[in-house]
1. So is T16 polar (S, T, N, Q), at pLDDT 90 or above, surrounded by 10 or more Cβ atoms within 10 Å (Cβ to Cβ) and in a helix (DSSP H, G or I) or not?
2. Kindly list the number of the only condition in (1) loosely packed, with under 10 Cβ neighbours inside 10 Å; (2) modelled with pLDDT under 90 that fails for S43.
Amino acid sequence: MPVKQWDATDELPFMTLCSYTVQYWKNILLFFFVRIFILIRDSVG
């Protein structure tokens, strides 16, 4: 039983870390896409 408890407590921070990392990378990608879009639009227009 104690092993099961440790697994449950270890799993939660890991999942939170994963979701935070995914959000973090999505923000970075979105930022880069916007920057590239603005650069292309400026060079074209």
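1. Considered against the rule, which asks whether it is polar (S, T, N, Q), at pLDDT 90 or above, surrounded by 10 or more Cβ atoms within 10 Å (Cβ to Cβ) and in a helix (DSSP H, G or I), T16 comes out as no.
2. Result: S43 passes all but (2).
The values are calculated or read from the model by the stated rules, or taken from the named source; none is laboratory data. Just so it is clear, the structure is predicted and the values come from calculations on it, not from any experiment. Cβ coordinates were reconstructed from backbone atoms using ideal geometry, including for glycine residues, and neighbour counts include every protein chain displayed.
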